[in-house]
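Heads up: the structure comes next, in structure tokens.
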Amino acid sequence: MTNRRAFMKSGAMALFATGIAGGIPSFIAKAANSIKTQLPFKKNKTLVCIFQRGAMDGLMAVSPFADPNLKALRPTLFMSPAQTEGKQFDLDGHFGLHPSFESLYPLFGEQRMAIVHGVGSPNTTRSHFDAQDYMESGTPFNKGTSSGWLNRAVGLLGHDASPFRAVSLTSAMPRSLYGDNKAIAINNLSDFAIQMKGNPLAANIAAGSFEELYDQTTHKILSETGKESFDALKMLNVNNIKNYQPAAGVIYPSSSLGKSLKQIAVLIKMNIGMEVAFAEMGGWDTHFNQGAANGIFARNAKDFSDSIAAFWKDLGGYQDEVTVMTMTEFGRTVAQNGTGGTDHGRASCLFVLGNNVAGGKVYHQMQTLDKANLEDGRDLPVSTDFRSVFSAVANGHLKINNNGVLFPKWEGEAAIQLLSY
């Protein structure tokens, strides 16, 4: 009973698509139907975070093409705005945007999108797992932190919450949303059930039935904890979700990220109280055949760019309420390797999109790429702690202003000089 009670009370109760025949199990539908229908919430400020897993090459995404060291260190990966084919977009005479980010370039020109370069963790690990864990927990030198920085941000919002206050469009709860504050993970809005991952009972529960779990729980536990899940079910109109039509002219990529951002747009437009949303995209670990204007990186960049651009256009009148921030665990080596790729490095770049962002700039504190300026003689050094950007965006958009809780033991400052709301 202790384990079951702990599970049912978990703030990381997750909902996801399981492909159960007939849709939502009848016992859940029955419980949901007993709940009073909730009125739509007002338009909320929503922070949308996108994690690029695998370590995106920031020097390929936003290249300091004017630095002659880059061409020397990347003879087959180097691109510049002066090229006639597959040329970069010249952002400011020094940095160029990869051509596959073409759909984001107008947003930069409209000063809605800012780029922050040289971003990373003060922890020098080049382990994907550890670096992602440190970034999502927001405590880069403490592996024992039980909560994620986005979950703590949710706890600092300080007002009545919807069951959809924090939503991850993933099949499992991301580390960023672990914690005591309620969050849900939904893989598919139109067909989902209770997920039992991340709990000691998971193996037994997966082998059993949802009906059995329901029968074993007391009415009191359900009234205190299961109600949030049932509330969430009640607030979703499955028919409206299935029949959703994006704004005129909007075509989302059929990729995982495109589908996730489309569903986040649905939730925002339903006015059901979402304030933090999370999505992710893998495939950025480009050790081999990375390519320049074409190749693995270019394909990923186009999917990433087109998905975000479609989402932004689809929001329409909701754009003022939304800020999008991307992140990746670390960058790649400055020099290309012997297989036409790049290895694990240190700093990368991130994108921040919003109508209240001081966009149209590449914010950085980067030095030239002379070997003497590189970390360990090989990597772009971290000149901007990721926490300074995360806190600036969270504080500026969500108005939480408590960095001591958001990022424990961090004594730095929010990057207000980079992002001015």
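Taken together, the values in this text are just the output of simple stated rules run on the coordinates, not laboratory data. Because the structure is predicted, anything quoted here is derived from the model rather than measured. Here Cβ is always computed from backbone atoms with ideal geometry, including for glycine, and neighbour counts include all displayed protein chains.
Remind me, relative contact order of the range 245-298 in percent, using alpha carbon pairs under 8 angstrom and six or more residues apart?
21 percent
Where does each of Leu261, Leu369, Leu157 land when they are ranked from fewest to most other beta-carbon atoms within 10 angstrom? Write out the running numbers ahead of the final one.
Working: Leu261 28, Leu369 21, Leu157 18.
Ranking Leu261, Leu369, Leu157 by Cβ neighbours within 10 Å, fewest first, gives Leu157, Leu369, Leu261.
Any idea how far the Cα center of the range 126-197 sits from the one of the range 55-118, in Å?
Spelled out, the Cα-based centre of one part sits 32 Å from the other.
Could you give the nm distance between label points at Tyr244 and Arg378, where each point is 7 Å from its Cα heading toward the beta carbon?
Taking the simple label geometry, Tyr244 and Arg378 are separated by 4.3 nm.
Calculate the spin-label point distance for Lys143 paired with Arg299, positioning each point 7 Å from the Cα along the beta-carbon direction, and give it in nanometres.
3.4 nm
Can you find, among Pro140, Gly109, Ser162, the residue sitting farthest towards the positive end of the charge dipole of the range 59-191, where Lys and Arg contribute +1 and Asp and Glu -1 at Cβ?
With unit charges placed on the Cβ atoms, the residue in question is Pro140.
Sort 85-93, 388-396 by packing, meaning the average of other beta carbons within 10 Å per residue, with the highest value first.
Averaged packing, sorted descending, gives the order 388-396, 85-93.
Report relative contact order for the range 323-421 in percent, whole number only (criteria: Cα-Cα under 8 Å, sequence separation at least 6).
It comes to 26 percent, rounded to a whole number.
Between their Cα atoms, which of Lys302/Lys371; Lys182/Lys313; Lys45/Lys262; Lys242/Lys269; Lys259/Lys399; Lys242/Lys262 are more than 21 Å away from each other? Provide the component values of the computation, followed by the final result.
Values: Lys302/Lys371 31 Å; Lys182/Lys313 29 Å; Lys45/Lys262 18 Å; Lys242/Lys269 14 Å; Lys259/Lys399 29 Å; Lys242/Lys262 12 Å.
From the list (Lys302/Lys371; Lys182/Lys313; Lys45/Lys262; Lys242/Lys269; Lys259/Lys399; Lys242/Lys262), the Cα-Cα distance tops 21 Å for Lys302/Lys371; Lys182/Lys313; Lys259/Lys399.
Using a simple charge model, +1 on the beta-carbon of Lys and Arg, -1 on the beta-carbon of Asp and Glu, nothing else, what dipole does the range 306-421 show about its Cα centre, in debye to the nearest 20?
Numbers: 9 positive and 13 negative charges, 17 e Å.
For the range 306-421, the charge dipole is close to 80 debye.
List Met325, Met60 from most exposed to least, where exposure is judged by having the fewest other Cβ atoms within 10 Å.
Met325, Met60
To one decimal place, what Kirkwood hydrodynamic radius in Å is obtained for the range 120-187 from all pairs of distinct Cα atoms? The partial results should precede the final answer.
Numbers: mean 1/r = 0.0791 Å⁻¹.
For the range 120-187, the Kirkwood estimate is 12.6 Å.
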